[in-house]
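Worksheet for the structure shown next.
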Amino acid sequence: MTVEPTSNTTPPTSAPQQPGTGTLPEQQAVEWKLVWPNLPNHTIQVAAADLPHVIPGATRIPPCTLRYLLPADTNIKNINVTDSLRFEIYGQLDRYNHNIAIDSEVCFPPVQGSHDRKEVILDISIPTPTLYRQALRSPPKLKITTRADENVELLLKGTGPAVPANILTVAIFGLPSGPEETSIAKDLFEALNKYKPAEIEVWDIFSRYVSYPAWNGPAKFTGAMYACVHFKNCSPRHFPTEFVKSTFPGFIRIRHQVFALEYADKIDHCWTCKDKAAFPHTVKDCNKKKCWYCGAMGHLRTECPKYEHMDEDHQGDQQGEDPGRSGANPRKRLQPEV
């Protein structure tokens, strides 16, 4: 087993840390243990601490991205403003490093927060990991010209993980402790390869541990496991959104218990089929759903044509019945006429 100790920084997940803060307390440290593949001399493709966030959102920074804060009054909805800002930024990036300027893309994500907490964002994506790591060592200091003709230096808000966009993290939470980590990792590997194994490569699977240096005891398993997945047919410059929707399951069964898988761009997987789904689909698209009104397969009661077109007189009779009267069974009243 390979253990990767890390500093006490927030790990690449949305799992809760110190209550109310989102960060680890000073007396804890995260450690990562490689549990799959269980092979001697295996080379880890992407370090666990560098894996991209499991659940992206407006406040998450995409892989290989430098995020800067613009002045709060910057109108990024005005295309003339954004074109002018791009011209300034690309010019400074070219003077900073010509190769990075050629490789990079500048975009303006939606404004975050509101009122006095509003943040206007500028993202610089550098898809080539080697160039991105070079920028991380000494991030470019960027300035823009405001509407008042003042030169303002932009604050670097944060950075994304140094991995290509076609690398995805799949996580399970709430796993039982015990000596079965390798077996669970194998189940996860097989589940991820269930539908389209030709599309992906499951490189490494890690278990997450937390140690307590002040306690001087062994690291403790947190019940979380993470898989690093590479989408072979997707460009490293683009997120594999469309591939993910038809590739990954939503659930996995381990020791007779069903666990939900967490990953970016996850669809609302069918809660009826769960781990038994023949292909990734939502409840709406499921052909095994059953109507509890007419008993037919393929639709729910809310979609049932017999329920929608119930005879008005029959509805009036139902409304006239006393729910508390003996024999006024609501289930019986809702049965369709044969």
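Here, each number is a calculation from the coordinates, and none is a lab measurement. On a predicted model such as this, the values are computed, not experimentally measured, just so you know. Cβ atoms come from the backbone with ideal geometry, glycine included; neighbour counts cover every protein chain shown.
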Next on the checklist: At R0 = 22 Å, how high is the FRET efficiency between Gln92 and Leu155 if r is their beta carbon distance? Nearest 0.05 is fine.
Outcome noted: 0.90
Checklist entry - What are the GluC sites (Glu not before Pro) within region 85-177 that DSSP puts in a loop, where the Cβ has at most 13 other Cβ atoms within 10 Å? => result Glu150
Checklist entry - What full-extension length gain, to one decimal in nm, is calculated for Ile267 and Asn41 as 0.36 nm per residue of separation minus the Cα-Cα distance? => result 77.7 nm
Item to check | For region 65-159, alpha-carbon Rg over 2.2 N^0.38 Å | outcome: 1.05
Checklist entry - Which shape class, rounded, prolate or oblate, goes with region 148-279 when its Cα gyration tensor gives a ≥ b ≥ c as root eigenvalues, a/c under 1.5 marks rounded, and past that a/b bigger than b/c marks prolate? => result oblate
Checklist outcome for this item: Sorted by chain and number, the residues with a modelled amide H under 5 Å from that of Asp204, at a separation of 5 or more or across chains, are Cys228
